Structures are given as C-alpha cells and as structure tokens.
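Visitor: This is the structure I want to talk about, given as structure tokens.
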Amino acid sequence: MSIELGLFYVAAGISLVSTVMSVTRYNASHALIYLIISLLASAIIFYMVGAPFAAVLEIVIYAGAIMVLFVFVVMMLNLGTAGTAQEHIWLKPGMWVIPSLLTLVLLAEITYVLAAGSHALAGEVVDPKAVGIRLFGPYVLAVEIASMLLLAGLVGAYHLGRGYLSERRRFDRGRG
Amino acid sequence: MEPVSVAVVVPMEHGLLLAAVLFSIGLISIMVRRNIIFILMSLEIMLNACGLAFIVAGAHWGVPDGQVMFMLILSIAAAEVAVGLGLLLQAHNRLRNLDIDDASKMRG
C-alpha cells in the first residue's frame, strides 16, 4: 500500500471519528466543531481523488457558509442563558484538545499532499473547466432549477426569520 | 495484472463504503436525536455523504458529472438549512425549547 493511499484511509478515519463524535455530543457547539472537522476531512478526500474544485466548494460553502449559519443560530439561542461562567465550562481543555489534534493531522496531511506534487492519488484530475462546460451545457436546466430552489429558500428564510425578529423586538420593548 | 497503475488509485468501493457508513450514521442520528439542531446537522451529514458518493464515483470514471451533482447537492443543502434554521427559530420562539416531540402536540 502506497503512502498516498494510506493518507486516504487516515482522512476517512478522521471523517468517521469526527462524525460519530458530532452525533454523540450533548452540546451543540461541540458537535458543530466535530462536524466542521468531518467536512474538512471530506474536502481532503475530494482533493485526493482528483476533484479540486469540489474540495474548494466543500470548504467555502459547506464548512464556511452553512456551518457559520449553524453557529450563528446556536449562539443566538444561547443568548439568554450564556455568561462567562458558561463559556468557561465550554472551553475546558478536554473539549478542544481532541478536535485540535484531528485538525492538526489533517493539516499535516494536506501539507504533505501539496508538497509531494498535487494529486498523487488521482487516476485523472477533473479540472474546473470541464465541470463548468458540463454544468452550463447539458445541465443548464438543472442550474435554473437550483436557482429557483435557492430563491425559494431565501424567501422562506426571510419570512420565517422576520416573524421571529419582530416578535423578539416586541418582547424586548415590552420588557425594557 | 497491471499493479503499477491500479495500486495508487483509491478503490471506488472503499470511497462508496465510507459514504454509506457516513450516511448510516446520519440516518441513525436523525432517528435517535430529538433536538432540532441535531436533526438538521444529521441531515447535513447525510447530504454530505451523498455528495461524497457522487464525487468518488465521478472520479472513478473520470467524468465531471459527479462534481456537477455535488454542486446541486450543495445548493439543496444551503436552501434546506436556511429554511430549517428559520423553522428552528420559530419553534424555539413558540415552544421555548428545541424538542421535536413538542411539535407533534400542536393543533392547527
């Protein structure tokens, strides 16, 4: 077994371990940290099998945008009860040591893969140009449908969130 | 047998197995957990596992279709999580907790 293939199994193991850890946590913020590590491991796997564009999208959109939405909502819901004491409880060393170790392993792995010449594992690399040509050629109807789906999501999120914010404002005004 | 060219490529079966295991973890979690945040996170895990399966299969045949499907899955996940988190805020506002079983006691 070559060392590059071993790196794939290490990333797969990190992905599995962090996913299991994320669904077994009681605290939502801890679970989110493990979920982000799982997504980063998936991004490295994407890069190693020869899909660099998908790896970038996984980090930028999944681990970036979607997980930040989750973190925003978790922080927003905790506003009532959280204080500095709660923060101290969350930031115990036992809580952040394991995620940091997993992330360091992933960092070493991506450094090795990048230094050893890109795509050591890939049979063939599918570059973003081919993806774009295919996306706006045969799949252009799917792109249109996805845009309508995103518009529907935008309108739905605005509608649901607006009701929450206006009620919250009324609640705060009545209290203060 | 050509051990040289075959040995370095990630076996597709192992990638698909990883995707299946991740999907199963998400599915089990969505049935076990009763917190709405964890249910949404399990949905993300399952969607990500689907994307992983598409990418691995697309890479095996060297076609860009897998990455195209992954992008569509990404847009689905983004729309789903935006609406889902809006619903979560509303549920927290009305029910004062995040237990999904409380939502079954609603009368319309």
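Visitor: Starting from the stretch A:138-149, keep only residues that are touching a residue at least 24 places away in the same chain (Cβ under 8 Å), then list their pairs with residues that are open to solvent by less than 100 Å² (accessible area, probe 1.4 Å) whose Cβ atoms are within a distance under 7 Å, requiring at least 6 positions of separation or different chains.
Guide: none
Visitor: While we're on this one: Kindly indicate whether any position in the stretch A:93-104 is over 24 Å from the mean Cα position of the chain (by Cα), at pLDDT below 80 and either closer than 23 Å to B:Ala77 by Cβ or loosely packed, with under 14 Cβ neighbours inside 10 Å (or both).
Guide: no
Visitor: Here's something else I'd like to know. Scanning for something outside any helix (DSSP H, G or I) and more than 10 Å from chain B (Cβ to nearest Cβ), does the stretch A:45-57 turn up at least one residue? Working first, answer last.
Guide: Residues of the stretch A:45-57 outside any helix (DSSP H, G or I): A:49-51.
Still in the list and also more than 10 Å from chain B (Cβ to nearest Cβ): none.
No: the stretch A:45-57 contains no residue that is outside any helix (DSSP H, G or I) and more than 10 Å from chain B (Cβ to nearest Cβ).
Visitor: A follow-up question, please. Please go through the stretch A:15-33 and pick out each residue that is open to solvent by 10 Å² or more (accessible area, probe 1.4 Å) and in a helix (DSSP H, G or I).
Guide: Scanning the stretch A:15-33 gives A:Leu16, A:Val17, A:Val20, A:Met21, A:Val23, A:Thr24, A:Ala28, A:Ser29, A:His30, A:Ile33.
Visitor: Looking at the stretch B:28-62, which of its residues are of a type in the set (A, V, I, L, M) and within 7 Å of chain A (Cβ to nearest Cβ)?
Guide: Listed by number, the residues that qualify are B:Ile37, B:Met41, B:Ile45, B:Leu52, B:Ile55, B:Val56, B:Ala59.
Visitor: In the set A:Gly137, A:Gly153, which member is surrounded by 12 or more Cβ atoms within 10 Å (Cβ to Cβ) and small (Gly, Ala, Ser)?
Guide: Values: A:Gly137 fails: surrounded by 12 or more Cβ atoms within 10 Å (Cβ to Cβ).
Just one listed residue meets the conditions, A:Gly153.
Visitor: Which of the numbered conditions does B:Gly84 fail, given that it passes all the others? Conditions: (1) surrounded by fewer than 19 Cβ atoms within 10 Å (Cβ to Cβ); (2) more than 7 Å from chain A (Cβ to nearest Cβ); (3) of a type outside the set (A, V, I, L, M, F, W, C).
Guide: Just one mismatch for B:Gly84, condition (1).
Visitor: Cβ-Cβ under 7 Å, sequence separation 6+ or interchain: first residue in the stretch A:114-131 and within 7 Å of chain B (Cβ to nearest Cβ), partner modelled with pLDDT under 80 and surrounded by fewer than 17 Cβ atoms within 10 Å (Cβ to Cβ). Which pairs?
Guide: Cβ pairs passing all conditions: A:Leu121/B:Val8.
Visitor: Oh, and also: Within the stretch A:71-92, can one find any residue that is at pLDDT 70 or above and part of a loop (DSSP other than H, G, I, E, B)?
Guide: yes
Visitor: Would you check if A:Ala28 is at pLDDT 90 or above and either over 18 Å from B:Leu27 (Cα atoms) or within 7 Å of another protein chain (Cβ to nearest Cβ) (or both)?
Guide: When the stated conditions are applied, A:Ala28 does not pass them.
Visitor: Within the stretch B:69-78, take every residue that is open to solvent by less than 50 Å² (accessible area, probe 1.4 Å) and at the interface with chain A (Cβ under 9 Å from one of its Cβ atoms) and give me the one that is nearest to the chain's Cα centre (by Cα).
Guide: Going through the qualifying residues, I end up with B:Ala77.
Matching residues to (1) within 16 Å of the chain's Cα centre (by Cα); (2) at pLDDT 95 or above; (3) not hydroxyl-bearing (Ser, Thr, Tyr):
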position	(1), (2), (3)
B:Asn35	no, no, yes
B:Leu40	yes, no, yes
B:Ala49	yes, yes, yes
B:Gly58	no, no, yes
B:Gln67	yes, no, yes
B:Glu80	yes, no, yes
B:Gln90	no, no, yes
B:Arg94	no, no, yes
B:Leu98	no, no, yes
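The values are calculated or read from the model by the stated rules, or taken from the named source; none is laboratory data. Owing to the predicted nature of the structure, the values given are computational and were not obtained by experimental measurement. All Cβ positions, even for glycine, are placed from backbone atoms using ideal geometry, and neighbour counts span all protein chains on display. Remember, those area values only see protein heavy atoms, side chains included, never the ligands or the DNA or RNA. Shrake-Rupley method; radii C 1.70, N 1.55, O 1.52, S 1.80 Å.
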